[in-house]
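The values are calculated or read from the model by the stated rules, or taken from the named source; none is laboratory data. Just so we're clear, the structure is a prediction, and the values are computed from it rather than from any experiment. Cβ: placed from backbone, ideal geometry, glycine included. Neighbour counts: every protein chain shown. Protein only, heavy atoms only, side chains kept; ligands, DNA and RNA dropped before computing areas. Shrake-Rupley method; radii C 1.70, N 1.55, O 1.52, S 1.80 Å.
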Amino acid sequence: QVQLVESGGGLVQAGGSLRLSCSVSRSIFSDSTMAWYRQAPGKQRELVALITSGGSTNYGDSVKGRFTISRDNSKNTMYLQMDSLKPEDTAVYYCKCMIMLKLYWGQGTQVTVSS
């Protein structure tokens, strides 16, 4: 069983920064494509950023230039550095692991940005 655990969420003022972490329980991490999604109240879950096993990245339009996704295969951990946060970034942030046609999700961490 693969478990994903997010951490690093919290309350921050607009313009501030947070760094989210997602730890994966098994060594499949290095071969996985990893991603961050978010879901705000009343909205659909949306892709925030994605990083492949080779390190290629892709970002949602709303976060380009402000968020940075990265991974540390030695720690089985993915990160999301969020800078210049805006109130519209408020959401529950989820990490997702994709490998061998299987998907695994974390439980989510709340990010709240006050104006």
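A cut-off of 5 Å between modelled amide H atoms, ignoring neighbours fewer than 5 places along the same chain, links A49 with W36, G60. Our summary gives segment 34-82 a relative contact order of 26 percent, counting only alpha carbon pairs under 8 angstrom and 6 or more residues apart.
Modelled this way, with points 7 Å down the Cα-to-C-beta line, the labels at S56 and R26 are 2.5 nm from one another.
The accessible area of K86, taken with all protein chains in place and a 1.4 Å probe, comes to roughly 80 Å². Straight-line cross-link reach from K102 at under 30 Å between alpha-carbon atoms covers these lysines, not counting any fewer than eight positions away in the same chain: K43, K64, K75.
You can think of it this way: the chain between M100 and R45 has 17.5 nm of extra reach, that is 0.36 nm per residue less the Cα-Cα gap. Calculated accessible area for the chain comes out at 53 Å² per residue, all protein chains present (probe 1.4 Å; ligands, DNA, RNA ignored). Put L18, L80 in order of accessible area, highest first, and with a 1.4 Å probe you get L18, L80.
Applying a 4.7 Å Cβ-Cβ cutoff to the chain leaves C97 as cysteine residues with no disulfide-compatible partner.
For the chain, the share of accessible area belonging to carbon and sulfur comes to 47 percent (1.4 Å probe, ligands and nucleic acids excluded). Across segment 62-75, coupling constants 3J(HN,Hα) worked out from phi with the 6.51/-1.76/1.60 Karplus curve, θ = phi - 60°, read 6, 10, 4, x, 10, 10, 9, 9, 8, 8, 10, 5, 5, 10 Hz, and Gly and Pro carry x. Taking amide hydrogens as modeled 1.01 Å from N in the peptide plane, which residues meet the under 5 Å criterion relative to R71, leaving out close sequence neighbours? Close amide H contacts, sequence-distant or interchain: Y79.
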